[in-house]
Amino acid sequence: MKLNKEWFYDETVQVGTNYQDISNVRAYDLQMAKFRDVKKEATDIIETISLGREHSLLEIGTGTGNFAIEAAKHCNEVYAIDVSSAMLAYAKQKAQKNGISNISFFQAGFLNYEHNGSPLDMIVSNLALHHLPDFWKMIALERINKMLKPGGTFYLGDVVFSFPVEEYDNKINTWIDTMREKVGIKFAQEAQIHLKEEYSTFDWVIEEMLHRSGFTFDIHHKDDFIAVYYCRKD
Ligand SMILES: C[S@@+](CC[C@H](N)C(=O)[O-])C[C@H]1O[C@@H](n2cnc3c(N)ncnc32)[C@H](O)[C@@H]1O
């Protein structure tokens, strides 16, 4: 893909919360530990996709590296990419502390990562695709499909809206109040930034895009705001 076009989306520009700021990276890791059981989440994904020793896996938007580190314990090679150099440095350090040596970290994103190697068995992306506007989400999904082996697996988790649109005001206020109660004021503010500046969209938009980019998939809605798509390249 040629990236020297003036109209091409610049995914290196931070959208919403600035993950180039190391204090936001540290805060993100702490908040997630409060809010999610990141280890169990990773183990569940590994089990769902049947990740095995023989597999190579790409994680897009690896963040602080929790999933990549668990995945690396179960497979041959993990490629972990993120547009934020601060996130990558933090994740690399965490991998080293855990004695993990089979993760290759690259500063790259959905739109500019070039995979040099055999087609991948599995691709995982959690809570990152919403950083792209819809047109570019579709381009990203097409690229993901092309990077996979036939029969390969794509696991997509993201903030996706699956409530009826007429209920949006009430649903969003409740979501932000829950964040404030469970995780704290800073995270509630980040949820507001998410709504105002990032590009989460409706479940039916994502589902049509997955379908058009060549995947068949099962859907799991964790709640009205988080959806997981377990996709296969046919
Ligand atoms: C909300 S965090 C999620 C991190 C991790 N996957 C998790 O589940 O905790 C979103 C991550 O996506 C990264 N990101 C944003 N835009 C991206 C892009 N275009 N390509 C790849 N990663 C991106 C951010 O830098 C950040 O690390």
Scanning for something assigned to a helix (DSSP H, G or I) and over 17 Å from the mean Cα position of the chain (by Cα), does region 97-107 turn up at least one residue? yes
So, in region 1-57, how many residues would count as being within 13 Å of the ligand (Cβ to nearest atom) and outside any helix (DSSP H, G or I)? 17
Residues of region 83-96 being exposed (fewer than 15 other Cβ atoms within 10 Å of the Cβ) and not in a helix (DSSP H, G or I), which ones? none
Search result, residues across region 61-77 that are within 12 Å of the ligand (Cβ to nearest atom) and touching a Lys or Arg at 6+ places or on another chain (Cβ under 8 Å): T64, G65, N66, I69, E70
Counted residues in region 1-15 being over 15 Å from the mean Cα position of the chain (by Cα) and surrounded by 17 or more Cβ atoms within 10 Å (Cβ to Cβ) come to 1
Does any residue of region 130-141 turn out to be away from the ligand (no atom under 14 Å from the Cβ) and under 16 Å from T216 (Cα atoms)? no
Is it the case that region 78-93 has a residue that's modelled with pLDDT of 95 or more, closer than 29 Å to F187 by Cα and more than 14 Å from the ligand (Cβ to nearest atom)? yes
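The values are calculated or read from the model by the stated rules, or taken from the named source; none is laboratory data. These numbers come from a predicted model, not from an experiment. Neighbour counts are summed over all protein chains in view; Cβ atoms, including those assigned to glycine, are modelled from backbone coordinates with ideal geometry.
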